[in-house]
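The structure under discussion appears below in the form of structure tokens.
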Amino acid sequence: MESKRFAKNVEDFTCAHCGTKVSGGGYTDHCPKCLYSMHVDVNPGDRKAKCGGLMRPVSASSDRKGFTIYYVCTKCWARWSVRAAEEDDQDLLYGLVGKARRPPT
């Protein structure tokens, strides 16, 4: 079993959900405008997932370290969570806090 080590990947991308052009900083894994991601990792940053589905943000939580965003893949229903970035849309994050983590409809 592989460990969950974070692999730094500096790569820019265009969000597959909203079309925003995102400049990656090495650990950027989601769009700061709509918070969507892509199911491309088995372990953070490794780009080994074969699914490639959209990861829909379904919930968020907040603690003293910041927000955590919870995702469900719209293709294979895999679940994932990541720390929010400083540049992420705060209104969207607050809107996700307390929502149930459920599969996409």
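Details
- Of all residues in region 40-50, none are crowded, with 17+ Cβ neighbours inside 10 Å, within 21 Å of GLY24 (Cα to Cα) and at pLDDT 95 or above.
- Top-ranked residue in region 51-75 [being among the small types (Gly, Ala, Ser) and assigned to a loop (DSSP other than H, G, I, E, B); ranked as modelled with the highest pLDDT]: GLY53
The values are calculated or read from the model by the stated rules, or taken from the named source; none is laboratory data. Quantities reported herein were computed from a predicted structural model and do not represent experimental measurements. Glycine also receives a Cβ, built like all others from the backbone with ideal geometry; neighbour counts cover every protein chain displayed.
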